[in-house]
Amino acid sequence: MTHDIIVLGAGMVGVGCALHLQARGQSVALLDRRAPGLETSYGNAGIIQREAIAPYALPREPGFLLSGAGNRRIDVRYRAADVARLLGPLWAYYRNSAPAPHARISREYETLIAHSLETHQQLMHDAGANDLVAGQGYLMLYRGERALQGAFQDADARVQSGVQHTKLTGADVAREEPALTGAFAGAVRWTDPVAIRSPGDLVQAYARLFEQRGGSVHLGDAMTLRRTEAGGWQVDTTGGATLEAKQVVVALGPWTMQLTSRFGYSAPVIPKRGYHMHYAPLPGKPLNSTVIDAEYGYVVAPMKDGLRLTTGAELARPDAPRTSGQLDAAERIARQTFPLGERVDPEPWMGTRPCMPDMKPVFGAVPDVPGMWCAFGHGHQGFTLGPITGELLAAMMAGATPRVDVGPFSPGRFG
Ligand SMILES: Cc1cc2nc3c(=O)[nH]c(=O)nc-3n(C[C@H](O)[C@H](O)[C@H](O)COP(=O)(O)OP(=O)(O)OC[C@H]3O[C@@H](n4cnc5c(N)ncnc54)[C@H](O)[C@@H]3O)c2cc1C
């Protein structure tokens, strides 16, 4: 089975790449060990974050670092053994989170985010997936007045980047979300983002579009990738077939380094795990929008399977044993605020955000490995950035000029 290009990994990023390569007339095979959209792109909070023009920085306040030391925060926890191995990348992340480098990085990041919504909207239209939109915008909720005023200032600063919002007082919040309980100073309603009621279904709808347009989707282990004598690539499917192509795109999310390091390419991925659980809605108490509890760093989103609570970050290897403390702690706080009924899922879901020390995704040609390209490291916004990443990578692979300067996202930048 010979194709022009094999894409490895069928998360939002891999599917976005496959569709855009196909749109440029390439014959593309997409391979994953599972059906499309069942890993990180399945379990996230489902927000297409047009407002996220600044990537998530590591808070540098001494108070945050001190309170994190006890490993009991709700928004960030860590596994000590893994953090010890990540000290170099974490130090770089800390330095890049200082105001000046973070401002520069944000200017680069924004060039991607600016096109994130339109690229999704085109695919949603083509895939007939608009029914997966749960709603327009989401709420960033604040209990304290000082934090709220800071958020208002930040929101005002984003207007010049074309990001819109409305400012809500505590009374406005009570009117918009009467099922919330507690005293809130107010909220920022980001009005551009789109909330999806089943992120995994959206990836699957895009993968079906790819198939309808002539692409093929295969089950198989990407780790079987090997060079052919002619300098191309081969990979085995679980069905016993062998896929062959001149070029390969590695889009394995947090697992990307497992494969590329075999061919000599490594980059410092910081794995930030997250958990989710669905809760039955309480009768007569609907949640109208997705809400981020800014103080505690978790999200509650009305979704197909119930109210989905997603946690903040746990710094731990993707394959390290799961923990329950962070979700339990977020649930305890969330129950004081949100109309959460019984747990719905038998087990919490867990996934891993692939984050880079400079907070930017990585896509382009893999240095010194001819015919190998990669797209990974999308951190907190890979669900948002999958389609625009695919568009830009496809342009690069075609030798065309991408509409965004792709230099800041180069795989070679880690030296
Ligand atoms: C709790 C949480 C909430 C989040 N909320 C949001 C949000 O609201 N908005 C947003 O934009 N982003 C959000 N994110 C981030 C986003 O989910 C990720 O950045 C994004 O899903 C990464 O996509 P990906 O395609 O790179 O990786 P994945 O979706 O993980 O895809 C990688 C694929 O590689 C496959 N694979 C791995 N190894 C192999 C192998 N050996 N052989 C074959 N296949 C293999 C996997 O099966 C998988 O399908 C959130 C993340 C978490 C954890």
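The values are calculated or read from the model by the stated rules, or taken from the named source; none is laboratory data. Given the structure is predicted, the values throughout are model-derived calculations rather than measurements. Here Cβ is always computed from backbone atoms with ideal geometry, including for glycine, and neighbour counts include all displayed protein chains.
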field: Test set (1) in contact with a helix residue (DSSP H, G or I) (Cβ under 6 Å, 6 or more places away or on another chain); (2) at negative phi; (3) within 16 Å of the ligand (Cβ to nearest atom) - Asp75 fails condition number
entry: (1)
query: Where residues in segment 332-362 are in contact with a Gly (Cβ under 7 Å, 6 or more places away or on another chain) and in a loop (DSSP other than H, G, I, E, B), which of them is farthest from Ser266 (Cα to Cα)?
result: Val344
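Name the residues in segment 1-60 that are among the hydroxyl-bearing types (Ser, Thr, Tyr) and either near the ligand (Cβ under 6 Å from one of its atoms) or within 19 Å of Val133 (Cα to Cα) (or both), would you?
If the condition is that a residue be among the hydroxyl-bearing types (Ser, Thr, Tyr) and either near the ligand (Cβ under 6 Å from one of its atoms) or within 19 Å of Val133 (Cα to Cα) (or both), then Thr40, Ser41, Tyr42 are the ones that fit.
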- request: Give the residue, chosen from Ala301, Ala267, that is under 20 Å from Glu347 (Cβ atoms) and at pLDDT 95 or above.
  value: Ala301
message: Checking Thr238 against (1) crowded, with 19+ Cβ neighbours inside 10 Å; (2) within 11 Å of the ligand (Cβ to nearest atom); (3) assigned to a loop (DSSP other than H, G, I, E, B), only one condition comes out false. Which one?
response: (1)
- prompt: Of (1) part of a loop (DSSP other than H, G, I, E, B); (2) away from the ligand (no atom under 12 Å from the Cβ); (3) surrounded by 15 or more Cβ atoms within 10 Å (Cβ to Cβ), Ala329 satisfies all except one. Which?
  reply: (1)
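Quick grid of which residues meet (1) surrounded by fewer than 24 Cβ atoms within 10 Å (Cβ to Cβ); (2) under 23 Å from Leu117 (Cβ atoms); (3) away from the ligand (no atom under 16 Å from the Cβ); (4) within 12 Å of the chain's Cα centre (by Cα):
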site: Val366; (1), (2), (3), (4): yes, no, no, no
site: Val369; (1), (2), (3), (4): yes, no, yes, no
site: Trp373; (1), (2), (3), (4): yes, no, no, no
site: His378; (1), (2), (3), (4): no, yes, no, yes
site: Phe383; (1), (2), (3), (4): no, yes, no, yes
site: Leu393; (1), (2), (3), (4): no, yes, no, no
site: Arg413; (1), (2), (3), (4): yes, no, yes, no
- request: Could you pull out every one of the strands (runs of 3 or more DSSP E) wholly within segment 262-326 that has 2 or more residues that are surrounded by fewer than 19 Cβ atoms within 10 Å (Cβ to Cβ) and more than 14 Å from the ligand (Cβ to nearest atom)?
  value: 270-281
